[in-house]
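Bear in mind that the values in this text are calculations on the coordinates, not laboratory data. Please read these numbers as outputs of a predicted model, since none were measured by experiment. A quick note on method: Cβ atoms are made from the backbone with ideal geometry, for glycine too, and the neighbour counts reach across all protein chains shown.
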């Protein structure tokens, strides 16, 4: 009985692999290492390859007796998705279809999908519930919604799935062993950390003219270890006969970019240097979660606050200035 984690050498994937291993599960990681780090996998078996390689996936299913899958393998940069849409559709959607088809052929019927709150776009009201209409504003978000729809289609009814709509994962492991490499990420928190620790780095805030309290975008920042635990809860739910579902995974608290900068300044005890630039295509105005469904059905809730997130990120980055290199 083994869990396959695709993209398990990536930021969220690696934290989830560690959380799975701490529950004494056998875990195998499938990752191209194009954007992941083998050092982050630590003690799980790692197979280097692509989810679209049906022969390889079939071999893994047979060799490791795969019973469940957590699927992270995807490109995830919003800005990049707007300039290279074909690459995102091929990797995120076509690759997932190939993976699902192979899993069904080999009787693997439990699947947790790394989706995104980006599928909501800019919701009409916040906190956003799972019943809010989906209005993706980027190609990245469109690909995540496409996979959700595929998982709920009759053609994939042999697989029961939980699609976790992440809000903004951030932070590093509590033991300071793994974190989010700023050289491989366009996310806000590692960019803020780099601005604090790398004098050569120019940090730009993408717009301060949004209709929010301070003009900057509002997001729901969730500690990556809380997020990792949500995947285990989702696997447990499916193992006990749970039906296919979609749920939010966040804290329920909205934080603006400037508020996050203030917290980083407090933690680092020095101001974050930055300039204001133009808005970035595909960025919604304000998105934060209603988490009642995950709380009740998965028996999961976030336990870390923003200060804990920023402290763990700062501690990791100042001791890993070149990431995993």
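Structural remarks
- Prolate/oblate/rounded label for the range 1-145 (Cα gyration tensor, a/c 1.5): prolate
- Geometric extent, Cα atoms of the range 78-167 - Rg, Dmax (angstrom): 13.7, 42
- FRET efficiency estimate (nearest 0.05) - Cβ-Cβ, residue 122 to residue 23, R0 56 angstrom: 0.90
- Nearest 10 degrees, 0 to 90: helix 11-22 Cα axis against the chain principal axis: 60
- Segment residue 135-residue 270, extension gain: residue separation times 0.36 nm, minus the distance between their alpha carbons: 44.7 nm
- Counting beta carbons within 10 Å around each of 310, 222 and listing the fewest first gives the order 310, 222.
- Correct option for Rg/Rh (Cα atoms, Kirkwood Rh) [calculated from the coordinates] among (i) 0.95; (ii) 0.99; (iii) 1.04: (i)
- Degrees between helix 257-268 axis and first principal axis of the chain (Cα, 0 to 90, nearest 10): 80
- Distance in nm between pseudo-label sites at residue 153 and residue 281 (7 Å out along the Cβ direction from Cα): 2.7
- Remark: spin-label model distance residue 244-residue 34 equals 2.6 nm, labels positioned 7 Å along the Cα→Cβ axis.
- Global geometry of the range 134-176, whether rounded, prolate or oblate, following the gyration tensor of its Cα atoms and the 1.5 cut on a/c: oblate
- Förster radius 30 Å - calculated FRET efficiency between residue 321 and residue 84 (Cβ-Cβ, nearest 0.05): 0.55
- Solution diffusion estimate, µm²/s, Stokes-Einstein, the range 202-274, Kirkwood Rh from C-alpha pairs, 20 °C, viscosity 1.002 mPa s: 143
- Average silhouette area of the range 1-85, convex hull of alpha-carbon atoms, in square nanometres: 5.6
- Net length available on complete extension from residue 97 to residue 208 is 36.1 nm, with 0.36 nm assigned per residue and the Cα-Cα distance removed.
- Rounded, prolate or oblate (a/c below 1.5 giving rounded, otherwise prolate when a/b exceeds b/c) for the range 276-325 by Cα gyration tensor: oblate
- Going by neighbour counts of Cβ atoms within 10 Å, the residues 132, 39, 225 line up, fewest first, as 39, 132, 225.
- Using a Förster distance of 22 Å, the FRET efficiency for residue 59-residue 183 (Cβ separation, nearest 0.05): 0.10
- Nearest-ten-degree value, helix 95-105 long axis tilted from longest Cα axis of the chain: 30
- Taking other C-beta atoms within 10 angstrom as a stand-in for reagent exposure, 272, 27, 119 fall in the order 272, 27, 119, fewest first.
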